[in-house]
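Values quoted throughout were computed directly from the atomic coordinates according to the rules given, and no laboratory measurement underlies them. Given the structure is predicted, the values throughout are model-derived calculations rather than measurements. A quick note on method: Cβ atoms are made from the backbone with ideal geometry, for glycine too, and the neighbour counts reach across all protein chains shown.
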Amino acid sequence: MAASKSPKNGKPKKARKKSAEVEAKPKKLSALAAAAQVLAETDQPMACKEMIEAMATKGYWSSPGGKTPASTLYSGILKEITTKGKESRFKKTDRGRFART
């Protein structure tokens with residue numbers, strides 16, 4: 001493919017790779033998505049600390065070095081419940097325990 005010259009600086013433009021040419025990397029799960037997957041597999045309510053341990057054991061997600069990943073997960077789940085309401089992937093079953101909807 002011939003490179004055309006850019007009107008601004010006269011340098012040739014680089015040809016972009018098409019999406020089929022770019023290697024597909026496996027998509028990494030977020031903590032919330034991994035928690036939803038763990039809850040769906042266990043089919044029982046779990047505390048956030050239990051979910052973090054299960055996600056790390058199964059290799060879905062591990063903390064990138066945070067000091068309180070369970071608290072961060074708890075906050076994220078509560079935020080999803082309050083913002084999405086009935087559309088949320090989670091429901092609170094008891095104090096500090098969540099299940100998959």
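List of remarks:
- Given +1 at the Cβ of Lys and Arg, -1 at the Cβ of Asp and Glu and no other charges, the dipole of the range 50-101 around its Cα centre is 200 debye to the nearest 20.
- Neighbourhood charge, 13 Å Cβ-Cβ cut-off, centred on residue 44 and excluding it, Lys, Arg +1 and Asp, Glu -1: -1
- Listed pairs 28/86; 49/91; 49/79; 28/58; 58/79 exceeding 20 Å between Cα atoms: 28/86; 58/79
- Neighbourhood net charge (12 Å Cβ-Cβ; Lys/Arg +1, Asp/Glu -1) for residue 74: +3
- A simple count of charges around residue 96, restricted to other residues whose Cβ falls under 13 Å of its Cβ and scoring Lys, Arg +1 and Asp, Glu -1, yields +2.
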